[in-house]
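These notes concern the structure reproduced below.
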Amino acid sequence: MEQVILTEKNFNKLKNLVKKNEDKEIIFVSDDDELNRKVMEKLIVSVVLIPLFGRKDYMKQRNSGFNQVMAKIAKKKEISIGVDFDELVFSREKDKIFARLKQNIILCNKNKVQIKFIFGKIKRDNYCVKSLGLVLGMPTWMIKNLT
């Protein structure tokens, strides 16, 4: 199935783009957490890619852009959570990004939400991706569906 990556910030324009690309797998990318939640609630998308770089953590918790409310919405609508593989490889703050990703994996595991790796410049084989998932703490049911 063909993939389309949408990065539109205006919700009305985004709604029209989703209608045009109904027959394709839609990946939505945004830094705005409120827009991510609104898209998950109201539009039909396959994957919501939440960037982990450039966020400021709070004093006693990480800001991963994903919470239990969004996890329940993703479970109900069967939306996968995307992880940008290039962000993991090229980032200067790998420790913070991996910590935020582990937090998202725990939330997805509790709510049975699938995680998908989205590849840009660097393409890895399935064996390496599944190994990374196991190291990060993904359960086996999540690892089986990684492609």
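Every read-out reported here was derived from the displayed coordinates using simple, explicitly stated rules and does not represent laboratory data. Being a predicted model, the structure only gives us computed values, none of them experimental. Quick reminder, even Gly has a Cβ in these numbers, built from the backbone with ideal geometry, and neighbours come from all protein chains shown.
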*asked:* For a quick check, take a GNM of the chain with Cα springs below 10 Å and name the residue from Gln114, Gln61, Gln103 with the largest mean-square fluctuation.
replied: Gln61
*Which entries in the list Lys56/Lys116; Lys9/Lys75; Lys20/Lys130 go over 27 Å, if you measure between the two C-alpha atoms of each?*
Lys20/Lys130
*Calculate how steeply helix 126-136 sits against the longest principal axis of the alpha-carbon atoms of the chain, using the helix alpha-carbon long axis, and give the answer as 0 to 90 degrees to the nearest 10.*
70
*List the longest stretch of the chain that has no exposed loop site; here a site is one of the GluC sites (Glu not before Pro) assigned by DSSP to anything other than H, G, I, E or B, with at most 11 other Cβ within 10 Å.*
79-147
*Counting only C-alpha contacts under 8 Å and six or more residues apart, can you give the relative contact order of segment 37-147 as a whole percent?*
27
*Quote the charge dipole size of the chain about the Cα centre in Debye, to the nearest 20; the model charges only the Cβ of Lys and Arg (+1) and of Asp and Glu (-1).*
400
*Per DSSP H run of at least 4 residues, take -39500 (n - 2.57); add these up for the chain, divide by its residues and hand me the 222 nm value, nearest 500 deg cm²/dmol.*
-14000 deg cm²/dmol
*Find how much the distance from Ser91 to Lys144 grows on full extension, using 0.36 nm per residue of separation minus their present alpha carbon separation; answer in nm with one decimal.*
16.4 nm
*Report the full-extension gain for the segment Val135 to Lys19: residue separation times 0.36 nm, less the Cα-Cα distance, to one decimal in nm.*
38.0 nm
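Set the Förster radius R0 to 35 Å, insert the Cβ-Cβ distance between Gln3 and Asp57 as r into 1/(1 + (r/R0)^6), and round the FRET efficiency to 0.05.
Once the sixth-power term is evaluated, E becomes 0.70.
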*Cα-projected label distance for Lys38 with Asn12, points at 7 Å along beta-carbon direction, nm*: 1.1
*When the Cα centres of segment 95-135 and segment 1-79 are compared, how far apart do they sit, in Å?*
16
_Within 14 Å, Cβ to Cβ, of Phe98, how many net charges do the neighbouring residues add up to if Lys/Arg are +1 and Asp/Glu are -1?_
+2
*Rounded to two decimals, what is Rg over Rh for the chain when you use alpha-carbon atoms and the Kirkwood radius?*
0.94
